[in-house]
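The values are calculated or read from the model by the stated rules, or taken from the named source; none is laboratory data. This one's a predicted model, so the numbers in the text were calculated from it and none came from an experiment. Here Cβ is always computed from backbone atoms with ideal geometry, including for glycine, and neighbour counts include all displayed protein chains. When the accessible area is computed, the model is the full protein with side chains, heavy atoms only, and any ligands, DNA or RNA have been set aside. Shrake-Rupley method; radii C 1.70, N 1.55, O 1.52, S 1.80 Å.
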Amino acid sequence: MQILALDTSTEYLSLALSLDGRVLARDIHAGQSHSQQILPLLRELLDEAGVELSHLDGIAFGAGPGSFTGLRIGCGVAQGLAFAANLPVIAVSTLMALAQNIQPQNTAAERVIACLDARMGEVYHAAYIRQGAAWEEVSPPGLYKPDAVPALTGDSWVGVGTGWVVYADQLRLCYGEQLSEVLLEAFKYDHPKATSIAQIALPLFAAGLGKPPAEAAPVYIRNKVALKMSERSQAIIS
C-alpha cells in the first residue's frame with residue numbers, strides 16, 4: 001500500500017509518503033504560505049521516492065478542525081491531486097492525528113486529550129482511548145473555552161497539542177490529577193503530522209474505505225468563520 005498524506009490545518013505544512021512501510025516526510029513552518037509551498041515540496045518528495053502520483057493507492061488529508069483557510073487549501077489540493085491521478089481519498093481528524101503523534105514515541109500513552117489553539121480564547125478539543133491499533137473517540141471534536149472543556153472519566157490522560165501550550169493553566173485546572181503528563185515538545189507533538197495521518201489512513205485504505213475525490217470535505221467546527229470587528233474584540237476580551 002502506497003499513499004500520500006498531507007496536512008495544512010495549522011501554520012505548519014506536513015507531507016508524508018508511505019511506501020510499503022518506507023516513509024518519507026517533510027514538516028516545515030509555512031506560516032501563511034501553504035498554497036505556494038505545498039506543490040513544490042510534494043514534487044521534491046515524489047522525486048526523492050522515485051514515484052509518481054499515479055503510482056499511489058490513495059491520498060489522505062487532515063480534514064480539521066483547524067485554520068479555515070488552511071483546511072480549504074489541504075482539502076482542495078488533496079481533491080485536485082486525487083482527481084488528476086484517479087485516486088480515492090480519506091479525511092482524517094486533525095485531533096486524532098495529534099493523538100497518533102505520540103505513537104510510537106510513547107507507547108504507554110493510551111488516553112489522550114488533544115487540544116489545538118483555535119485563537120480568540122478557544123481550543124479545539126477531543127479525547128481518545130487507544131484500542132489496539134486504533135483510537136476510540138470518547139469526546140468528539142468541539143470548540144470550547146479552555147476553562148470549560150468536557151469532563152472526562154478515569155486518569156492517566158496525556159495532553160498534546162498547541163492548546164496545552166497556550167492555555168496550560170486553564171486546562172490543567174480542569175483535569176488536575178487525571179493528567180499523567182503533557183507533551184509539549186515543539187515540532188514533534190504540537191501540530192498534526194502527515195506521518196500520523198498516514199498511519200491512521202493506511203488500514204482504512206486497505207479495507208477499501210477510500211472515497212471518491214468529489215466527497216472530500218473539510219470539517220469546520222466554528223460556526224462563524226469571519227467575525228465582525230466588534231464581535232472579535234468581545235471574543236478577545238472574554
statement: The percentage of the accessible area of the stretch 1-88 (probe 1.4 Å, all protein chains present) made up of carbon and sulfur atoms, to the nearest whole number, is 50 percent
query: What accessible area per residue comes out for the stretch 13-130, rounded to a whole number of Å², with a 1.4 Å probe?
result: 38 Å²
query: Which angle from 0 to 90°, rounded to the nearest 10, does the C-alpha axis of helix 194-206 make with the longest principal axis of the chain?
result: 60 degrees
query: Length gain on complete extension for the stretch A85 to S156, per 0.36 nm per residue less the alpha carbon to alpha carbon distance?
result: 21.2 nm
message: Give me the net charge for the shell around N101: Cβ to Cβ below 12 angstrom, other residues only, Lys and Arg +1, Asp and Glu -1.
response: -2
field: Cα shape, the stretch 1-44, gyration tensor, a/c 1.5 rule
entry: prolate
message: What does the extension gain come out to for A148 and Q32, with contour length at 0.36 nm per residue minus their alpha carbon separation?
response: 38.8 nm
- request: Specify the angular offset, from 0 to 90 degrees and rounded to the nearest 10, of the alpha carbon long axis of helix 68-85 from the longest principal axis of the alpha carbons in the chain.
  value: 20 degrees
task: Leaving ligands, DNA and RNA out of it, report the carbon-plus-sulfur percent of the accessible area of the stretch 124-168 at a 1.4 Å probe.
output: 54 percent
task: Express the relative contact order of the chain as a whole percentage, based on alpha carbon pairs under 8 Å and six or more residues apart in sequence.
output: 24 percent
- prompt: Classify the stretch 80-144: rounded, prolate or oblate, from the alpha-carbon gyration tensor (a ≥ b ≥ c, eigenvalue square roots; a/c under 1.5 rounded; otherwise prolate if a/b is larger than b/c)?
  reply: oblate
query: So how much slack lies between H55 and E215, counting 0.36 nm per residue of separation and subtracting their Cα-Cα distance, in nm?
result: 55.5 nm
- line: Net charge near A49 (other residues with Cβ under 12 Å of its Cβ; Lys, Arg +1; Asp, Glu -1) is -2
- prompt: For the chain, what is the largest minus smallest coordinate of the Cα atoms on each principal axis, given in angstrom and ordered from greatest to least?
  reply: 49, 44, 28
